[in-house]
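S.K.: Before I ask anything, here is the structure I am working with.
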Amino acid sequence: MTNEQFEALVGRLEHQAQSKPGRYRLKVFLLAMLGNAYVGAMLLLIIALMAVLLASIMVLKAFAVKLIILVGFFLWMIVKALWVKIDPPVGTEIKPREAPELFAMIDGLRRQLSAPRFHHVLITDDFNAGVVQSPRLGIFGWPRNYLLIGLPLMKTLTEEQFKAVLAHEFGHLAKGHGRVSNWIYRQRVRWGRLLAVLDATESKGSFLFKPFLTWFAPYFNAYSFPMARANEYEADATSARITSPQAAAAALTSVNVVGSYLAERYWPQIYKQADEQPQPGFAPYFGLGQGVATELDDVSVQAWLDQAIARPTDLADTHPALSDRLKAIGAPPRLALPAVGQAADRLLGDALQAITESFDRRWTDHILPSWEERYRQVQDDRRQLAELNARLEDGSELTVQEAYDRARLTETIGDDVDDALVQFRALHQRAPDNALACFGLGVRLLSRDDASGCALVEHAMRLDENTIVNGCEQLRDYHWRNGRKDEAHVWHQRLVERSQLLEAAIEERSQVWLGDRFERHGLSEDIVDELRAALMAIPGLRKAYFVRKRVEHLAHLPCYVLGYRVTGFFQLHSKRRAMEVLRQIQESVPFPGETLIINVEGANYRFRRKFRWMRGARIL
């Protein structure tokens, strides 16, 4: 299903879901049952085949046994793929005695909505809240209800706004959205997992499922999409009714504005400290509430609010855009941030400090390795930038790669985007047909919404196919930002096609099979001599064969195979010795291209038969 077909189907179904919601939901249910019925029918067919084979053992004997093993394994693989279990969510559980005010609010909302009770309340480190139902008996149901509350959310909302958020989540639970959504989610996961297993195994029985599921899975995703979106509108209406339209609007507005602040300023400022400090010296969850109360200036707030209001509802998310959600509850945007010490995290009572400290410790432990690596990388980049600037001041001419690195580091380490752009322009003038120069300048121009960057990125993609994926992403996002959806879809489709091609090529080049076709490597004598010299330096390596594997995808990029031997006459084959030689080959031998390395002894001895009769294959 193309993006255009998906959009058209969802648009038609959204109108149907609004005008006749009961009939639409019934159709979604029946469609899900159709998918299950087809899969069930195929399973019964396989089971019937198993029964026939079991009955024919006396006649077919060993052949029947082999078929039973093959069919039985296929059946087991299908059943295993279809069994979907939703694991319980992860978080810090809190009990009523630890936070009585929080649980008083939760119990009050539950009584107002006659909703099922929550078996567990978990505090998480997400800027979000949610309801999860985990079936205790798998496909047989009996759900256990979890309420997930993000600590960052509590630290950035007032109590009234937080109550509106909880009312929204209770709305999902009271109307059974969680149970229905989880059931639909399990269907999608089940069919997607089955398709993935069939693709990975390339089983001959795939024809029973793949044609149907390849059509059905995306069709069902589109068909059930409006239901998920309608659930959000219903939950918003519940929130506005239980609290007030103004409180619900304030909660929705704050979540959008504060979410932008956290993503664009708060967390980047913290991670930026890794440029100067070898270890983190900040407690982000402890300081989060104060940051929201003191660091949000009016200009930034208005800009983030304008962005949120201007953002249209699209198919990237089942949650509607802010403007549509506010329109549905009949309230304007309203931002009211909590003062220091007045946020909803007060509801956690005595547990607040312990939870916040544990989250900060966990964050530090998790971030420490990447933080230290970032610090080392920044110091190395600063030294490199200083060296390049010094060489330029001394009158030395930089290579294209060095000039590119200097411009990039001026932008990232020197934090001077204007000077970096000047350098990228000069580099392109110097090397107009260099892919690196074209791509570097083109991407910077596109980030400034300068249309002249399009031609540069496209030219770089023609010069170097390794830039195609990134280039398609850049062009897609540029056109989408500027309202040209048709052009954006064209580049997205090209991105998908290229990604699929690369994925197929990677899979084709990941292994060597005896049934693969091989040919002469086609390398010059000089290159072969260099390769031979590097192999001769490895102790224990006795023979080596070098060939080229025939590939279907990206055939112009060679895929070589090195077959090696370590066992001499009157010696027993040793896997340990073979693995040690393999390690040395991988660490010390420079190959002329992508190369797969196999030991052509033991179970792989038949590869040696194929290679040794190929003219020029043996290089050692």
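The values are calculated or read from the model by the stated rules, or taken from the named source; none is laboratory data. Please read these numbers as outputs of a predicted model, since none were measured by experiment. All Cβ positions, even for glycine, are placed from backbone atoms using ideal geometry, and neighbour counts span all protein chains on display. Heavy atoms of the whole protein, side chains included, go into the accessibility calculation; ligands, DNA and RNA do not. Shrake-Rupley method; radii C 1.70, N 1.55, O 1.52, S 1.80 Å.
S.K.: So, in region 575-591, how many residues would count as being of a type outside the set (A, V, I, L, M) and open to solvent by 90 Å² or more (accessible area, probe 1.4 Å)?
M.R.: Count: 6.
S.K.: Between E594, E552, which is in contact (Cβ under 8 Å) with a residue 40 or more places away in the chain, open to solvent by 50 Å² or more (accessible area, probe 1.4 Å), touching a Lys or Arg at 6+ places or on another chain (Cβ under 9 Å) and within 30 Å of A196 (Cα to Cα)?
M.R.: After applying the criteria, what remains is E594.
This table checks each residue for (1) of a type in the set (A, V, I, L, M); (2) under 30 Å from P432 (Cβ atoms).
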residue	(1), (2)
P332	no, no
G349	no, no
R374	no, no
A390	yes, yes
R408	no, yes
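S.K.: Next question. Check region 599-607 and report whether any residue there is touching a strand residue (DSSP E or B) at 6+ places or on another chain (Cβ under 6 Å), outside any helix (DSSP H, G or I) and under 17 Å from I527 (Cα atoms).
M.R.: No; the residues of region 599-607 include none that is touching a strand residue (DSSP E or B) at 6+ places or on another chain (Cβ under 6 Å), outside any helix (DSSP H, G or I) and under 17 Å from I527 (Cα atoms).
S.K.: Among the residues of region 509-532, are any open to solvent by 50 Å² or more (accessible area, probe 1.4 Å), of a type in the set (F, W, Y) and either closer than 18 Å to L620 by Cα or under 41 Å from the mean Cα position of the chain (by Cα) (or both)?
M.R.: Within region 509-532 (the criterion being open to solvent by 50 Å² or more (accessible area, probe 1.4 Å), of a type in the set (F, W, Y) and either closer than 18 Å to L620 by Cα or under 41 Å from the mean Cα position of the chain (by Cα) (or both)), the answer is yes, since at least one residue qualifies.
S.K.: What's the total number of residues in region 425-453 that are closer than 18 Å to N470 by Cα and either in contact with a helix residue (DSSP H, G or I) (Cβ under 6 Å, 6 or more places away or on another chain) or acidic (D, E) (or both)? So that I can check it myself, show each step before the final result.
M.R.: Going through region 425-453, the residues closer than 18 Å to N470 by Cα turn out to be 434-453.
Cutting the leftovers down to either in contact with a helix residue (DSSP H, G or I) (Cβ under 6 Å, 6 or more places away or on another chain) or acidic (D, E) (or both) gives us 434-446, 449-450, 452-453.
Total meeting the criteria: 17.
S.K.: Something else now. If you go through region 46-60 one residue at a time, do you hit one that is touching a residue at least 60 places away in the same chain (Cβ under 8 Å), within 40 Å of the chain's Cα centre (by Cα) and at negative phi?
M.R.: Yes; the residues of region 46-60 include at least one that is touching a residue at least 60 places away in the same chain (Cβ under 8 Å), within 40 Å of the chain's Cα centre (by Cα) and at negative phi.
S.K.: Another question, then. Wholly within region 241-297, which helices (runs of 4 or more DSSP H) include no fewer than the required count, namely at least 2 residues that are at pLDDT below 90?
M.R.: Values: elements: 245-261, 267-272, 284-295.
Correct list: 284-295.
S.K.: Can you name every residue in region 324-344 that is open to solvent by 40 Å² or more (accessible area, probe 1.4 Å) and assigned to a helix (DSSP H, G or I)?
M.R.: Selection gives D324, K327, A328.
S.K.: To continue, here is another question. Mind counting the residues in region 446-466 that are within 27 Å of the chain's Cα centre (by Cα) and either surrounded by fewer than 22 Cβ atoms within 10 Å (Cβ to Cβ) or in a loop (DSSP other than H, G, I, E, B) (or both)?
M.R.: Total meeting the criteria: 8.
S.K.: Which residue out of R334, R346, R361, R325 is closer than 26 Å to V378 by Cα and either touching a helix residue (DSSP H, G or I) at 6+ places or on another chain (Cβ under 6 Å) or modelled with pLDDT of 90 or more (or both)?
M.R.: So the residue among R334, R346, R361, R325 that is closer than 26 Å to V378 by Cα and either touching a helix residue (DSSP H, G or I) at 6+ places or on another chain (Cβ under 6 Å) or modelled with pLDDT of 90 or more (or both) is R361.
S.K.: Name the pairs whose Cβ atoms lie under 8 Å apart, with the first residue in region 517-544 and farther than 19 Å from P558 by Cα and touching a residue at least 24 places away in the same chain (Cβ under 8 Å), the second of a type in the set (D, E) and open to solvent by less than 80 Å² (accessible area, probe 1.4 Å), and 6 or more positions between them or separate chains?
M.R.: G540/E580
S.K.: For region 388-399, does any single residue satisfy the condition of being in contact (Cβ under 8 Å) with a residue 24 or more places away in the chain and in a helix (DSSP H, G or I)?
M.R.: The answer is no, given that none of the residues of region 388-399 is in contact (Cβ under 8 Å) with a residue 24 or more places away in the chain and in a helix (DSSP H, G or I).
S.K.: Taking D126, is it more than 27 Å from A32 (Cα to Cα), modelled with pLDDT of 70 or more, among the acidic types (D, E) and not in a helix (DSSP H, G or I)?
M.R.: Details: more than 27 Å from A32 (Cα to Cα): yes; modelled with pLDDT of 70 or more: yes; among the acidic types (D, E): yes; not in a helix (DSSP H, G or I): yes.
Criteria met by D126.
S.K.: Next question. Can you confirm whether V422 is within 30 Å of P268 (Cβ to Cβ) and either buried (at least 19 other Cβ atoms within 10 Å of the Cβ) or free of Cβ contacts under 8 Å to residues at least 60 places away in the same chain (or both)?
M.R.: It is true that V422 is within 30 Å of P268 (Cβ to Cβ) and either buried (at least 19 other Cβ atoms within 10 Å of the Cβ) or free of Cβ contacts under 8 Å to residues at least 60 places away in the same chain (or both).
S.K.: Another question, then. Which residue pairs have Cβ atoms closer than 8 Å, lie 6 or more positions apart in sequence or on different chains, and pair a first residue in region 483-499 that is at pLDDT below 90 with a second residue that is open to solvent by less than 50 Å² (accessible area, probe 1.4 Å)?
M.R.: K485/H479
S.K.: Tally the residues that are out of contact with any helix residue (DSSP H, G or I) (no Cβ under 6 Å at 6 or more places or on another chain), closer than 19 Å to M614 by Cβ and not acidic (D, E), restricting the search to region 515-546.
M.R.: 16
S.K.: Just checking, which of K204, K175, K210 is within 25 Å of the chain's Cα centre (by Cα) and either open to solvent by 60 Å² or more (accessible area, probe 1.4 Å) or modelled with pLDDT of 80 or more (or both)?
M.R.: Working: K204 fails: within 25 Å of the chain's Cα centre (by Cα); K175 fails: within 25 Å of the chain's Cα centre (by Cα).
None of the other options fit; the residue is K210.
S.K.: Under 9 Å between Cβ atoms, at least 6 apart or on separate chains: pull out the pairs that start in region 291-311 with a residue that is closer than 19 Å to L157 by Cα and open to solvent by less than 30 Å² (accessible area, probe 1.4 Å) and end on any residue that is part of a helix (DSSP H, G or I) and among the acidic types (D, E).
M.R.: Correct list of pairs: S300/E264; W304/E264.
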